[in-house]
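Notes follow the structure.
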Amino acid sequence: MNHTFIDELIQNCLTTLKQLDFKESVIKRHGRHLLNLKDYMQSEGQNSYDESVGEKYLLDMLQKGNTKECRLKETKHSINLINDILNQVPVRKKHVHPKAFPFPGEFGKPIQLFLDQLKIECRPARHTLYMYMTALSHFAVRMQQDGIGPENLDSIAVSRFVSSLQNTQVRVCVPVRRFLRYLFKVHLTKTDLSIPLFYIKSHRAEKLPSLYNTEEIRRMDASIDKTGRTGKRDYAIFLLASRLGLRASDICQLQFRNLDWDKNIINLVQCKTKKEIELPLLGVIGEAIIDYIQNGRPKSDNKTIFLTANAPYTPISVPGLSSIVSGIIYKAGIETKSRHHGAHCLRHSLATQLLDQGTTLPVISETLGHSNSQTTMIYLGVDVNGLLRCSLEVPPVSDSFYMQKGGWFYE
C-alpha cells in the first residue's frame, strides 16, 4: 500500500485541480475537506497518508452521527480524489453538457422573447429559470403536436394541456400562466387565458418552528469553549443568532462597516428581504466580536468579519454556519429529536422568548426584520400560552339583554 506525507499529497491535489482548470470554488471546497483530514491525522499522531487512513476518517465521521449527508458526500469525494493522486490515477474533469430545451412551433419565438424579458425584469435564480424553460418547453411541444398557434389558442387547448400534467400541475402551471398573461399583453391572444390557472395553487402543510427554551440556550452558551480561536468566533456567531435573531445569511455577510461602535448599533440590509434593519450592539456581543477580531480572527484583508478557521481564509458559508450552531447544540447535550438544530431555530426561540416577556407583535416583527406581522405569526404559532395571554375575555351578558322588548329572543 502506498504511503505519502499528507502535506505533499494535498499540495499535489490542489495543483492538479488548478492545471485541469477546475472552478475556484471547487478547489477551495476540496482544500477545506483535505485540511480537515490533515487536522484529524494530527490528532491521531499521523503524518503519512494511505487509503486506510481515509477509510477510518470517514468511518469516524459516520459514527459521530452529527455530520450532514451533503458534507459527508463532499468529504468522500475529496478522499477519492486524494486516493487517485496517491495511486497516480489520472484525474479527469467531469463535463456536464447543458440540457437543451426545444421551443418548437409557432410559440418558439414568443417564449424566447418572454424569457429574455423575465431575465431583465425579475433576474430569476438559475433553478427558477430552469423550471420556466422546462415547463414552457413542454407547452410548446404539446401545442405543436396539436397544431395550435397563438391565433387559435383557446381555453380548451390550455385545459387539455393542464389536465395532462398529473402531479406537476403547480410547478408547470405557474410559468405557463405568466406566459399566457404575456401573450395577452403583447396582443398575441385576444383574451387573457391565464385567469383560469390562478385557481391552481399548491397547499403546503404548516410547519411548526423548532424552539429551545431559555435553560437550553444557557446550556448552549456554557458549552462553547471561548478560549480557543475557533471558539471565540463560534461564540460571537451564537450571540448574534440567539440574542438578536439574525439570519445565518446576514451573519455570514456581516462586515466591519455594519458595526457602528460610537452609537452601539448594527445596521445592515438583510439578504433575504433586502430591507434595512438597525439592531442594538449589545455589550456582550460587542465584547465577543472584539475578542474574536483581536485574538481569534485570521489575518486577512477580507472585509467580512467571520472567516473560516482553515486556509484559505474565506467568509463562512450559510451551511457552514448552521453546522457550527448544530455542533454547539450537540456539544451541550440537548435532545434534538423532532426539532431542527440549525441557526434558524435560535431565531424562532428568540421570538418566543420576546412574546413570553410581553413584547408586542409589531416590536417582535421589527426586531426580526419581517416585512409584515403575518410572517411573525408563523414563528409564534406554537406558543399557546403566549397567544392566550394576548386574547381578550368575552364580557358576561345578562338574561335581560336577550329578553328586552324588540330583541331577537323576546318572542
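The values are calculated or read from the model by the stated rules, or taken from the named source; none is laboratory data. The structure presented is a predicted model; accordingly, all values stated were derived computationally and were not measured. As a convention, Cβ positions derive from the backbone with ideal geometry for all residues, glycine included, and neighbour counts pool all protein chains shown.
In table form, for the structure just shown:
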{"quantity": "Test: residue in the range 167-176 that is surrounded by fewer than 17 Cβ atoms within 10 Å (Cβ to Cβ) and at pLDDT 90 or above", "calculated": "no"}
{"quantity": "Count of residues meeting criterion [among the small types (Gly, Ala, Ser) and in a helix (DSSP H, G or I)] in the range 45-61", "calculated": "2"}
{"quantity": "The listed residue being over 25 Å from residue 229 (Cβ atoms), outside the structural domain of residue 35 (by TED's automatic domain parsing) and modelled with pLDDT of 90 or more, out of 267, 295", "calculated": "267"}
{"quantity": "Residue in the range 311-320 that is outside any helix (DSSP H, G or I) and without any contact (Cβ under 8 Å) to a residue 60 or more places away in the chain present", "calculated": "yes"}
{"quantity": "Any chance residue 379 is within 30 Å of residue 61 (Cβ to Cβ) and either in the same structural domain as residue 220 (by TED's automatic domain parsing) or at pLDDT 65 or above (or both)", "calculated": "no"}
{"quantity": "Residue check, residue 51 over 30 Å from residue 181 (Cα atoms) and either modelled with pLDDT of 90 or more or not assigned by TED's automatic domain parsing to the domain that holds residue 180 (or both)", "calculated": "yes"}
{"quantity": "Criterion (among the small types (Gly, Ala, Ser), within 24 Å of residue 170 (Cα to Cα) and surrounded by 19 or more Cβ atoms within 10 Å (Cβ to Cβ)) met by exactly one of 140, 100", "calculated": "140"}
{"quantity": "Residue list for the range 23-44, restricted to those being part of a helix (DSSP H, G or I), more than 19 Å from residue 71 (Cβ to Cβ) and more than 29 Å from the chain's Cα centre (by Cα)", "calculated": "42"}
{"quantity": "All positions within the range 62-77 that are touching a residue at least 60 places away in the same chain (Cβ under 8 Å) and in a helix (DSSP H, G or I)", "calculated": "70, 71"}
{"quantity": "Answer residue from the range 1-22, given it is assigned to a loop (DSSP other than H, G, I, E, B) and touching a helix residue (DSSP H, G or I) at 6+ places or on another chain (Cβ under 9 Å) and is farthest from residue 41 (Cα to Cα) among those", "calculated": "22"}
{"quantity": "Members of the range 266-307 found to be among the hydrophobic types (A, V, I, L, M, F, W, C), in a loop (DSSP other than H, G, I, E, B) and touching a strand residue (DSSP E or B) at 6+ places or on another chain (Cβ under 6 Å), listed by number", "calculated": "281"}
